[in-house]
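First the structure, in the form of structure tokens, and then the observations on it.
The values are calculated or read from the model by the stated rules, or taken from the named source; none is laboratory data. Since we're looking at a predicted model, the values are computed, not measured. Glycine also receives a Cβ, built like all others from the backbone with ideal geometry; neighbour counts cover every protein chain displayed. Ligands, DNA and RNA are excluded from the accessible area calculation, which covers all protein heavy atoms including side chains. Shrake-Rupley method; radii C 1.70, N 1.55, O 1.52, S 1.80 Å.
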Amino acid sequence: MVSQSPDIKIPATPIRAPSAVPVDDAVLPFEVASLDLRGRLTRLGPALDDVLTKHAYPPEVGKLLGEAIVLTTLLGSSLKFDGRFILQTQTDGPVSFLIVDFQAPDRLRAYARFDSKRLTPGQDSAALLGKGHLAMTIDQGPDMSRYQGLVALDGGNLEDAAHEYFLRSEQIPTRVRLAVGEEWRGGEGPKHRWRGGGMLLQFLPKAPERARQADLHPGDAPDGVIAHTVDEDDAWVEGQSLIATVEDIELIDPDLSGERLLYRLFHERGVRVFPPLPLRAQCSCSREAVSSMLSSFAAKDRAEMVKDGKVVVTCEFCSSVYEFTPHEAGVE
Ligand SMILES: [Zn+2]
């Protein structure tokens, strides 16, 4: 594996007073120095709602794609200015493909492909995914090599996949929590909104031998095989037990600020919260880009795209529709 991994870079400038006001669409980096913990907290409101409501996703599919978006913000928000982080899954479940594209410093777009005939009410994210793999691609610009990490999805959810990734590839003790929910409101304005939140916590002691962690469960190893166990560092044991207490509702609660949540969790140990990194939903498609994609197709394929005297291309990310005359599309 190459070294450009999605590790945490804490900005040099500390601190600000904890905001009592909830701030949506942002990532909050934080540090619990007394436990050698670093992390990030994501709160998503309008940006998540914007991405998910551009498609008429069934609720379960929207929730799964929302979780992938939250995970992407936790992993991708450490990139340098022009970097790009792409998270994709390809699996045999009802949601056969999903992609989240994060362009530093703040742009997000995403979509999922699913088979509505295979959806049943109450399917959780793991069941929707099925088996296959999750790929994470980091592109830090033309002068840097591309990095790709691959994790098997084997009946688990995206949190499980993230844990496996950090255990196998990064060897950084890491816990991730993801939550996505639907908010229903009375009164004026939209009645229904998507909200999401997540937390990533990493144990980064100065002495590497303190970062030992218990191996994954041996799975279907033959009887008699004893799981490889180690004594984890007390600080990391405490960190894991603290993040395990975070409820989904706390991660998505529109009335609870990220700072309040972090102080609620870590106040006894002292937590430093750094300035938030804002996020927004914005697609990078354009008429020019679609036009140049069309011109890269074979003439025969372009001709087959003409329907009712025009060529219509819909962006899979944002559902923008681009119409071209046959002449504009290069059809003779
Ligand atoms: Zn688009």
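Stretched out straight at 0.36 nm per residue, the stretch from Asp234 to Arg118 would grow longer than its current Cα-Cα span by 37.3 nm. Per the Debye formula with a single identical scatterer at each Cα and no solvent contribution, what log10 I(q)/I(0) holds for the range 221-332 at q = 0.10, 0.13, 0.15, 0.19 Å⁻¹? Per q value, in the given order, log10 I(q)/I(0) is -0.66, -0.71, -0.77, -1.05. Viscosity 1.306 mPa s, temperature 10 °C: Stokes-Einstein D of the chain from its Kirkwood Cα radius, in µm² per second? The calculation lands on 74 µm²/s.
Stokes-Einstein, applied to the Kirkwood radius of the range 37-123 over Cα pairs at a viscosity of 1.306 mPa s and 10 °C, places its translational diffusion at 116 µm² s⁻¹. Residues of the range 57-86 with an amide N closer than 18 Å to a point placed 7 Å from the Cα of Thr137 along the Cα-to-Cβ direction: 69, 72-73, 75-77, 79-80, 82-86. With protein chains left intact and a 1.4 Å probe, residues in the chain average 50 Å² of accessible area per residue. Computed from label points 7 Å out along Cα-Cβ, the spacing between Ser169 and Glu332 is 4.6 nm.
Ordered from highest to lowest accessible area with the whole protein assembly present and a 1.4 Å probe, Tyr322, Tyr165, Tyr263 read as Tyr263, Tyr322, Tyr165.
Stretching the chain fully between Met293 and Asp308 yields a gain of 3.3 nm (0.36 nm per residue, less the alpha carbon separation).
For the range 85-166, how big is Rg over Rh, using alpha carbon atoms and the Kirkwood form of Rh?
1.02
Our Cα-only numbers for the range 84-130 put the radius of gyration and Dmax at 12.5, 38 Å.
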